[in-house]
1. Separation between the Ile104 and Asn47 pseudo-spin-labels, each 7 Å from Cα along Cα→Cβ, expressed in nm?
2. Between Thr33 and Glu18, what is 0.36 nm times their sequence separation minus the Cα-Cα distance? Round to one decimal in nm.
Amino acid sequence: MSYEVTLDDLMDSKDVDERIKRLSAIKKDLEETIIAVEQLQDEAFKNKNEADKLKETISALEQDKNTAEEMLKLPEESFSRVLTKASSKGRVRGIIEGIIIGFITGILSSLLVWYLTK
């Protein structure tokens, strides 16, 4: 958009109102431009804050990843010993649970037969 005020316009008093209208239009355009620039500035500030938060989140996730990788670096022998102990404890526990469940079901079935034949 171009605004031009000639020397003849300045000399002629009839065009004063028109010059005032032009200046008002220029002022209005400048105010709208200022509002648009402020909105863009606010949006840029929000985007910057979001980007900073994302960078912090990425950094925290990278630290968590590194920690998890370090924890997974167990020696193979230690891991196999842990599995051996867990499986032997699980076997003993399974036998004990089987015996207890067997006794309970035996008692319940005996009581049911006794009740039905009574």
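1. 6.4
2. Full extension of this stretch gives 3.2 nm more.
The numbers here are math on the coordinates, done by the rules we state, and not lab data. Treat the numbers as computed from the prediction; the structure is a model and nothing was measured. With ideal geometry, Cβ positions are generated from the backbone for all residues, glycine too; neighbour counts draw on all protein chains shown.
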